[in-house]
Amino acid sequence: MAEKKKILEVKHLKQYFKNGRVTTKAVDDVSFDIYEGETFGLVGESGSGKTTTGRSILQLYKPTSGEVIFEGKNVEKLKGREEQLQFRRDAQMIFQDPYASLNPRMTVEDIIAEGLDIHHLVKSKEERRARVEELLETVGLNKNHASRFPHEFSGGQRQRIGIARALAVKPKFIVADEPISALDVSIQAQVVNLMIELQKKQGLTYLFIAHDLSMVKFISDRIGVMHFGKLLEVGPADAVYDRPLHDYTKSLISAVPVPDPEVERKRQRIAYDADKEERDGKERTMHEIRPGHFVRCSDDEVAHYQEVAASYE
Ligand SMILES: Nc1ncnc2c1ncn2[C@@H]1O[C@H](COP(=O)(O)OP(=O)(O)O)[C@@H](O)[C@H]1O
Ligand SMILES: [Mg+2]
């Protein structure tokens, strides 16, 4: 297999929010890499810091500390306006709520063309319209709908508009922040399948954020599990899902309903004592237990996780 190239490196990222005397450690020393062309699924309950991680990567916040390296360059230290603009083109976001994220007073054409305008990617009104129509078709919408307004579309169609807006500037990397969780279950798969198809055709790399582990498993090559601002486990999607190491990952998996009613009736939720690991004051870092499969633990817990991994064999 050819050597995989890292497109993104997140190193010891911390994002703390201060509100008076209260500090929320939304992201607390998180490190992971994303390889070119892959989908990295970031999963965790609401409030675990997934959105903040995504937004920090895209420089929508200035990190409290840590580094974000994109294509070998620290994005905080990009030199000059040109490099900064290039990063803002290369890395795009698809938002969770397709109702809130599209300006209701703008036409679909103006929404999709925003990036084209900012980055001066079209030279005339005709070229702008043609490019928007092409993008509408790319995401499975009718090209004649460019002059309509967001409220004229369903949730799934709006998210397709959001995807077209992200694609307009030909990005390499997209943070998709729970792109389907606001949509009807019946259309979630369509939007995910569109994203997979676009990834194949355009060689995109995704950071796919979700709280639903079963969806992340379906789309991701690798998965990271977040809890209270910390990354607890990272590994190949099937390994994390079928052979989880961390108790928290096990508890998340036990929360996924099983389609078989017989099995579902017997399903038991595994409880996870959330601050067990915070109470003992041990220093925990990522340890590689199996090739590419990491868990956050202290040095003296490594043997335990090796046993957990061995128990699956
Ligand atoms: N801009 C902000 N200011 C203050 N606190 C924030 C801000 N954004 C997020 N938080 C807090 O940080 C934590 C993580 O939030 P978030 O990243 O949105 O989690 P998730 O996306 O996993 O639901 C939460 O406790 C949230 O309340
Ligand atoms: Mg979120």
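Some notes on this structure:
- Single condition E197 does not satisfy, out of (1) surrounded by 16 or more Cβ atoms within 10 Å (Cβ to Cβ); (2) at pLDDT 95 or above: (1)
- Answer from R105, R88 - the residue that is within 23 Å of L204 (Cα to Cα) and among the basic types (K, R): R88
- Strands (runs of 3 or more DSSP E) lying entirely in the range 15-76 (those with 3 or more residues that are surrounded by 15 or more Cβ atoms within 10 Å (Cβ to Cβ) and either more than 15 Å from the chain's Cα centre (by Cα) or within 10 Å of ligand 1 (Cβ to nearest atom) (or both)): 22-35, 65-70
- Scanning the range 169-191 for residues that are crowded, with 21+ Cβ neighbours inside 10 Å, aliphatic (A, V, I, L, M) and either within 13 Å of I57 (Cβ to Cβ) or more than 16 Å from ligand 2 (Cβ to nearest atom) (or both) yields I174, V175, A176, V191.
- Residue count, the range 260-313 (criterion: within 17 Å of H227 (Cα to Cα) and assigned to a helix (DSSP H, G or I)): 4
- Of all residue pairs spaced 6 or more apart or on separate chains, those with beta-carbon atoms under 9 Å, a first member in the range 288-305 that is on the phi > 0 side of the Ramachandran plot and a second member that is part of a helix (DSSP H, G or I) are G292/A239.
- The range 29-55: number of residues that are within 16 Å of ligand 2 (Cβ to nearest atom) and closer than 21 Å to R284 by Cβ: 11
- Of the listed requirements (1) closer than 26 Å to E45 by Cβ; (2) touching a strand residue (DSSP E or B) at 6+ places or on another chain (Cβ under 7 Å); (3) modelled with pLDDT of 95 or more; (4) not aliphatic (A, V, I, L, M), Q159 misses just one: (2).
- Within the range 132-146, residues that are under 12 Å from E109 (Cβ atoms) sit with their Cβ atoms under 8 Å from residues that are at pLDDT 95 or above and of a type in the set (S, T, Y), at 6+ positions apart or across chains, in these pairs: A146/T107.
- Within the range 38-65, residues that are among the hydrophobic types (A, V, I, L, M, F, W, C) reach partners that are within 8 Å of ligand 2 (Cβ to nearest atom) with beta carbons closer than 6 Å, at six or more positions or on different chains, in the pairs L42/K50; L42/I209.
- Conditions (1) surrounded by 17 or more Cβ atoms within 10 Å (Cβ to Cβ); (2) at pLDDT 95 or above: number failed by A210: (2)
- Odd one out for P98 among (1) more than 24 Å from the chain's Cα centre (by Cα); (2) in contact (Cβ under 8 Å) with a residue 60 or more places away in the chain: (1)
- Filter result (within 19 Å of E137 (Cα to Cα), polar (S, T, N, Q) and touching a strand residue (DSSP E or B) at 6+ places or on another chain (Cβ under 7 Å)) within the range 162-209: Q199
- V30 meets the conditions (1) farther than 14 Å from V225 by Cα; (2) in contact (Cβ under 8 Å) with a residue 24 or more places away in the chain; (3) of a type outside the set (F, W, Y) in every case but one. The failed one is (1).
- Every pair of residues 6+ apart whose Cβ atoms lie under 7 Å, when the first sits in the range 201-212 and is over 12 Å from D177 (Cα atoms) while the second is away from ligand 1 (no atom under 12 Å from the Cβ) and aromatic (F, W, Y): T205/F173
- Top-ranked residue in the range 120-141 [being under 28 Å from the mean Cα position of the chain (by Cα) and farther than 17 Å from K201 by Cα; ranked as surrounded by the fewest Cβ atoms within 10 Å (Cβ to Cβ)]: H120
The values are calculated or read from the model by the stated rules, or taken from the named source; none is laboratory data. It should be emphasised that the depicted structure is a prediction, and the values quoted were computed from it without experimental measurement. Note that we place each Cβ from the backbone using ideal geometry, even for glycine, and neighbour counts take in every protein chain shown.
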